[in-house]
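Down below is the structure, laid out as structure tokens.
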Amino acid sequence: MTGVVLPPGETPITLDEAAALVPGKPRSRQTLWRWCMAGIRGVRLEHLQVGRETCTSEEALKRFFARVTAASERERRRVQDSGPRGDRVEKALKELDGKI
């Protein structure tokens, strides 16, 4: 698959620059490259090629995180609604939340 052209007004940044913007533990450019190519939960990071460099934007990162969060919430609701097994999974998730 090819990258997505960023909307007008967004400034392209390299994956190294984008990795430095990700909160939490440090991320590598390879992690962001995987987010561009394979994605998380079916959501890919918008990117484009500038010569040999893969670029994204700060705004694309924000959209990516919002979409991954929404996909995660949909998955959680699907598990909760799956009957007795979903009840057991939900109980286990609550127990994990309490331990973390």
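The values are calculated or read from the model by the stated rules, or taken from the named source; none is laboratory data. Not measured: the values here are computed from a predicted model. In this analysis, Cβ positions are derived from the backbone assuming ideal geometry, glycine residues included, and neighbour counts consider all displayed protein chains.
Please determine, by comparing only the residues of segment 37-76 that are more than 9 Å from the chain's Cα centre (by Cα), of a type outside the set (D, E, K, R) and in a helix (DSSP H, G or I), which one is nearest to P8 (Cα to Cα).
This residue is A60.
Show the residue pairs meeting these rules: Cβ distance below 8 Å; 6+ apart or different chains; first residue within segment 42-61 and at positive phi; second residue among the small types (G, A, S).
So the pair list comes out as G42/A71.
Conditions tested, residue by residue: (1) under 30 Å from K94 (Cβ atoms); (2) loosely packed, with under 15 Cβ neighbours inside 10 Å; (3) at pLDDT below 90.
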site	(1), (2), (3)
L6	no, no, yes
G9	no, yes, no
I13	no, no, no
Q30	no, yes, no
C36	no, no, no
E46	no, no, no
E58	no, yes, no
R74	yes, yes, yes
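How do the pairs read when you match residues in segment 9-21 that are touching a residue at least 40 places away in the same chain (Cβ under 8 Å) and in a helix (DSSP H, G or I) with residues anywhere that are surrounded by 12 or more Cβ atoms within 10 Å (Cβ to Cβ) and polar (S, T, N, Q), using Cβ under 7 Å and keeping only pairs 6 or more apart or on different chains?
L15/T54; L15/T56; A18/T56
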